[in-house]
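Inspection log for the structure reproduced underneath, given as structure tokens.
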Amino acid sequence: MKFSQRLIEWCEGVKRDLPWRHTSDPYRILVSEVMLQQTRASVVIPYYERFLASYPNAAALAAAPESELLAMWSGLGYYSRARNLQRAARDAESAFPSSYEGLRALPGVGDYTAAAVASIAFGLPHAVLDGNVVRTMARVTNDAGDVRSPAVRRRLQQAADARLDHARPGLFNQAMMELGATLCTPRKPQCLLCPVSAFCEGRKAGRQDQLPVKLGKAKPIDEAVTLLLVRRKEEALFWLRPADSARLAGFHELPEASQLPQATRGRLIGEVKHSIVNHRYTIAVYEAALAKAPPGFVWLNPAEALTQPISTIAKKALRLLSR
Ligand code: SF4
């Protein structure tokens, strides 16, 4: 039996019942793939369902007000994904692209997403290469090259292409991702349960635990941030990131202490942690008093702020109030 056949048969028996597996609508598959970048499936499910209830097709997403879209995305992070998805919907609303190249040309759609949508929605023979597939292919081919290097990734892409089931590319890709997510995991791969262990050169060499090789991983950077919660009756003071901000444009934030040197700092409300890429933030939130809001700041009820585009850090800080 071939690699792909073993893999697909195994996946048919064990695959998780995820909502995006019940559709061949390219728009819905694109939404799921974009949400799944950087976010676990269990976290994505409620967002995916709410998103499609509000924007069931590309035309509905294309017409959505940006503030509403960002509020709906709030909590998933990496908001450029939401903006790009809307730009893609605007490009695709009259005719959704049905080729790999057409999909790849949509805003925010890279090689991986184009291959996933092309194979799952249109049955086109393109193997995906995400983090799970990179890891599995490095082990299957016993490739000890640095998986951050473009040459090694090209090699692993060729290895995945060579094993692709051309009659069932979507199922093959989903099975590869499922294998990486459930058995061929970063630590302690479960080779005894693996449907393709007979084909796995890394396992035969006893090197599965040392693969994949990742050199030069950036060390996490620790940063301390102080936020101020300035109250006026039921309201708190926020600032709005300008439209040309590199990150989180149009989002509400609690002020940092350095933005309000004239504020009188009160008691510590609490601390929250937050990570963005390789930055680990420890955020101390203090009560503070201020006679007048400076220009560019707005008073908002915290409950109302949570219905607007608001950064995850500000959200976490506001949750301290309900503890
Ligand atoms: S045999 Fe082990 S290392 Fe090889 S693909 Fe399967 S789970 Fe991964």
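Screening A144 against (1) away from the ligand (no atom under 16 Å from the Cβ); (2) more than 24 Å from D17 (Cα to Cα); (3) not in a helix (DSSP H, G or I) leaves a single unmet condition, (1).
Residues being in contact with a strand residue (DSSP E or B) (Cβ under 8 Å, 6 or more places away or on another chain) and more than 18 Å from R232 (Cβ to Cβ): count how many of those fall in region 281-309. It would help to see each step written out before you state the result.
Initially, region 281-309 is screened for residues in contact with a strand residue (DSSP E or B) (Cβ under 8 Å, 6 or more places away or on another chain), giving 281-290, 293, 296-302, 305, 308-309.
Applying the additional criterion that residues be more than 18 Å from R232 (Cβ to Cβ) yields 281-284, 309.
Of the residues in that region, 5 qualify.
Specify the residue that is farthest from the ligand (Cβ to nearest atom); the eligible residues are those in region 179-195 that are surrounded by fewer than 22 Cβ atoms within 10 Å (Cβ to Cβ) and not in a loop (DSSP other than H, G, I, E, B). That would be A181. Only residues that are open to solvent by 40 Å² or more (accessible area, probe 1.4 Å), over 23 Å from R40 (Cα atoms) and part of a helix (DSSP H, G or I): list them for region 69-103, please. Matches in region 69-103: R87, R90, D91, Y100, E101. Looking at the structure I just gave you, is F199 within 16 Å of R6 (Cβ to Cβ), within 16 Å of the ligand (Cβ to nearest atom) and open to solvent by 30 Å² or more (accessible area, probe 1.4 Å)? So F199 fits the description; yes.
Condition first: within 22 Å of G250 (Cα to Cα), open to solvent by less than 50 Å² (accessible area, probe 1.4 Å) and touching a Lys or Arg at 6+ places or on another chain (Cβ under 8 Å). Now tell me which residues in region 41-68 satisfy that. Please lay out each step first, then the result.
Going through region 41-68, the residues within 22 Å of G250 (Cα to Cα) turn out to be 47, 50-51, 54-55, 60-68.
Those left that are additionally open to solvent by less than 50 Å² (accessible area, probe 1.4 Å): 47, 51, 55, 60-62, 64.
Once the filter is applied, which keeps residues that are within 22 Å of G250 (Cα to Cα), open to solvent by less than 50 Å² (accessible area, probe 1.4 Å) and touching a Lys or Arg at 6+ places or on another chain (Cβ under 8 Å), region 41-68 yields only A62.
F172 passes every criterion in (1) within 14 Å of the ligand (Cβ to nearest atom); (2) touching a helix residue (DSSP H, G or I) at 6+ places or on another chain (Cβ under 9 Å) apart from (1).
Quick one: which of K204, K217, K273 is away from the ligand (no atom under 16 Å from the Cβ), closer than 30 Å to P189 by Cβ, modelled with pLDDT of 90 or more and surrounded by fewer than 19 Cβ atoms within 10 Å (Cβ to Cβ)? One residue alone meets the criteria, K273. Within region 69-88, residues that are more than 16 Å from A305 (Cβ to Cβ) sit with their Cβ atoms under 7 Å from residues that are of a type outside the set (A, V, I, L, M, F, W, C) and part of a helix (DSSP H, G or I), at 6+ positions apart or across chains, in these pairs: L69/Q86; L76/Y47; G77/T312. Residues considered: F251, F172. Of these, the only one that is at pLDDT 95 or above and in contact with a Leu (Cβ under 9 Å, 6 or more places away or on another chain) is F172. Out of L268, L306, one residue alone is open to solvent by 40 Å² or more (accessible area, probe 1.4 Å), within 25 Å of N84 (Cβ to Cβ) and among the hydrophobic types (A, V, I, L, M, F, W, C). It is L306.
The values are calculated or read from the model by the stated rules, or taken from the named source; none is laboratory data. Being a predicted model, the structure only gives us computed values, none of them experimental. Note that each Cβ is placed from the backbone with ideal geometry, even for glycine, and that neighbours are counted across all protein chains shown. The area values use the complete protein model at the heavy-atom level, side chains included, leaving out ligands, DNA and RNA. Shrake-Rupley method; radii C 1.70, N 1.55, O 1.52, S 1.80 Å.
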